[in-house]
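The block underneath contains the structure these notes are about, expressed in C-alpha cells.
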Amino acid sequence: MENFGVDFRSLLENALSRPSVRLDLVESASVAIILRPGPDMLWIRRAENPNDPWSGHMGFPGGRAESGDRDTRRTAERETLEEIGIKLETCADYLGTLDEIQVRKLNFKLVPHVFWLKEEEPACTLDAKEVHSIHWIGMAHLTDPANRTNFNSYPAIRFDDRVIWGLSYRILGDLLARLNSSHA
C-alpha cells in the first residue's frame, strides 16, 4: 500500500472497525501505536538492558499490565507516559485495537492499541532506563518493498542502522493488512 490517500485517519478508523481477535490469557501487556498526519508512526528504540528480552530493539511504547490498570488500553496509556512522556489521554484520539498476540515464550498476551495525535508532535521526555530514542517513520517507508529484509531468518524492515522485526513487525503487518482490506 503505497498511496494512503488524502484522509489516512478515516482509512485507519475504517480498518479498525473490524472486530479484533481476543485471547483468553490472564497475563497481559499493551503497546501504543501512535500515528500523526504524514502519515507517520512513532517507534521507540529500547534502551540496552541485559534483563530486557527486547533490549535495543525497535518497537512501540508499552509494557505489562499493573494491578491499578483498569484495562489494557489504560496499560498502553500509562506505559507511554512513563516511557516517553506523552499523555495519550489528552493529546491523542483513541481509535481501537488490533488483534491480540500470544507471546508464547513469556506466556502472556500483547494488546496493540491505536492512537491518532491531535497535535503534530507533543514534547517527549524519555525514560533513559527504558528508551534510547524515538523515531517518526513514514508509512511510505514502512510499506516500501525496497526496505524489506530478513533478520535472524525472520522478515524485517530496515530503518537507518536498525531493523523492525518480531512482534513489532507482526503488529505492523496486522495494521497494514487491515488498511489494505478496508482500502480495497
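Within segment 80-93, the set of residues being in contact with a Lys or Arg (Cβ under 7 Å, 6 or more places away or on another chain) and touching a residue at least 12 places away in the same chain (Cβ under 8 Å) comprises Cys91, Ala92, Asp93. Pick out the one residue from Leu12, Leu23 that is buried (at least 19 other Cβ atoms within 10 Å of the Cβ), at pLDDT below 95 and either polar (S, T, N, Q) or not in a strand (DSSP E or B) (or both). Unique residue meeting the criteria: Leu12.
Residue count for segment 142-184 satisfying the condition of being under 20 Å from Leu35 (Cβ atoms), in contact with a helix residue (DSSP H, G or I) (Cβ under 8 Å, 6 or more places away or on another chain), surrounded by 15 or more Cβ atoms within 10 Å (Cβ to Cβ) and of a type outside the set (A, V, I, L, M, F, W, C): 4. Determine if segment 47-63 includes at least one residue that is of a type in the set (D, E, K, R) and within 16 Å of the chain's Cα centre (by Cα). No, segment 47-63 has no match at all.
The requirement of being within 18 Å of Ile134 (Cβ to Cβ), surrounded by 15 or more Cβ atoms within 10 Å (Cβ to Cβ), at pLDDT 95 or above and among the aliphatic types (A, V, I, L, M) is satisfied by Leu88.
Listed conditions (1) at pLDDT 95 or above; (2) buried (at least 17 other Cβ atoms within 10 Å of the Cβ) are all met by Tyr94, apart from (2).
Of all the residues in segment 55-81, those that are buried (at least 24 other Cβ atoms within 10 Å of the Cβ) and among the hydroxyl-bearing types (Ser, Thr, Tyr) number 2. Those residues that are modelled with pLDDT under 90 and touching a strand residue (DSSP E or B) at 6+ places or on another chain (Cβ under 9 Å), I need them from segment 107-117; list them, please. If the condition is that a residue be modelled with pLDDT under 90 and touching a strand residue (DSSP E or B) at 6+ places or on another chain (Cβ under 9 Å), then Phe108, Lys109 are the ones that fit. Whether a residue is within 22 Å of Phe8 (Cβ to Cβ) and hydroxyl-bearing (Ser, Thr, Tyr) was assessed, and Tyr154 does not pass this test.
The values are calculated or read from the model by the stated rules, or taken from the named source; none is laboratory data. Note that the coordinates shown come from a computational prediction; the quantities given were computed from them, not determined experimentally. A quick note on method: Cβ atoms are made from the backbone with ideal geometry, for glycine too, and the neighbour counts reach across all protein chains shown.
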